[in-house]
Amino acid sequence: MNYYYSKNKENFYQKLTDDPLFSSLTDYLYEHREQETILRELKKEFSQNKFSHFLDLLIDAGLIKREERRYHLNFPIFDPKDYLQQTISAAVTIAEQLKRLSFDEQKLAMGEVIWAYCFEDERKEAYFYGVRNSRETELLRTTAGNEKYRFITLSSIEHFPLTLANYFFVQKNQLPVTKAFKELAELIGDVNEAYFFDQIEVIVDRIRKNKYKNRRPSIFHQSLLVTNTIKEEESFTLELPIVEKNNFEIELPTLDPSLTMEETAFLKRQIFSELSKKFIPHAFSYIKEYGTIYNSFSA
């Protein structure tokens, strides 16, 4: 089972779900959801010394409900086939509009407009839900940069390419440095993000003005080459598109307002997953210039 939760409580929920007891306990309660589970039965099933304390944490977090000495899951669990008609309808509405755009514009719109619609909470309440029998590839939108340029990558856990955004995601989350990231790690290590991208900004600005010349070796220049952010031919060119402005609007479907926060979050995740199969089958990176946004409106 996969678990999803709001960004405003990400660290809190992640700490709970990372505990091996979490999946075991939630699976057990889900399998016995039609029964009246009491504490004695839980302790018989889970003999770990810390079990009682962990159970109390989940109750305090609102993920397990204790009522009349009976224990039940207190968050919804969906199946990928749930809300299938609504998912397809919304995805088709958006896809028809994306098809009118160029190849790069489609992906930029997915990374900006559609991602914001699907994953940036319009309401600020915390949510938490599970999805069983899910074969969905975990989608990631990593970002790193400074006040002028944000380097953004849309990818997945299974296909996590070497990009500047992904590298700083690895650093921030203290993840193991894989073989693909080793060369860049040897170049810049745990460099300060703001300082690094201030230097990158100078290079990007000069390339955009056709004034960049690499007069001496630089880890900043080399990092752009290693990550295929720039390419050297007769002159240096940027390999990533830059979001500057757009002249189109995307009509975003309005979902049923009676849906709960969890239902809405699940449905929007399914919509993005459906669209990504066609418009982002592989990883995609781009640069967003500060202050640039896409125009969009809801139906």
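The values are calculated or read from the model by the stated rules, or taken from the named source; none is laboratory data. Just so we're clear, the structure is a prediction, and the values are computed from it rather than from any experiment. No Cβ is skipped: glycine too gets one built from the backbone with ideal geometry, and neighbour counts run over all protein chains shown.
Values as computed for the structure displayed
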item: In segment 149-164, the residues that are closer than 16 Å to Phe197 by Cα and crowded, with 23+ Cβ neighbours inside 10 Å; result: Phe151, Ile152, Thr153, Thr163, Leu164
item: From the options Tyr129, Tyr117, residue that is outside the structural domain of Asp27 (by TED's automatic domain parsing), touching a Leu at 6+ places or on another chain (Cβ under 6 Å) and not in a loop (DSSP other than H, G, I, E, B); result: Tyr117
item: Selected residue (criterion: farthest from Gln199 (Cα to Cα)) from residues of segment 216-275 that are among the basic types (Lys, Arg), at pLDDT below 95 and out of contact with any strand residue (DSSP E or B) (no Cβ under 8 Å at 6 or more places or on another chain); result: Lys245
item: Matching residues in segment 206-225 - criterion: being of a type in the set (Gly, Ala, Ser) and in a loop (DSSP other than H, G, I, E, B); result: Ser218
item: Unmet criterion (only one of (1) of a type in the set (Val, Ile, Thr); (2) surrounded by 19 or more Cβ atoms within 10 Å (Cβ to Cβ); (3) in contact (Cβ under 8 Å) with a residue 60 or more places away in the chain) for Thr142; result: (3)
item: Residues of segment 186-206 classified as surrounded by 15 or more Cβ atoms within 10 Å (Cβ to Cβ) and farther than 14 Å from Thr229 by Cβ, total; result: 3
item: Filter result (farther than 17 Å from Glu251 by Cβ and small (Gly, Ala, Ser)) within segment 81-102; result: Ser102
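Yes/no per residue for (1) of a type in the set (Val, Ile, Thr); (2) farther than 22 Å from Glu262 by Cβ; (3) free of Cβ contacts under 8 Å to residues at least 24 places away in the same chain; (4) assigned to a helix (DSSP H, G or I):
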{"site": "Asp82", "(1), (2), (3), (4)": "no, no, no, no"}
{"site": "Gln106", "(1), (2), (3), (4)": "no, yes, no, yes"}
{"site": "Phe160", "(1), (2), (3), (4)": "no, yes, no, no"}
{"site": "Gln174", "(1), (2), (3), (4)": "no, yes, yes, no"}
{"site": "Glu186", "(1), (2), (3), (4)": "no, yes, yes, yes"}
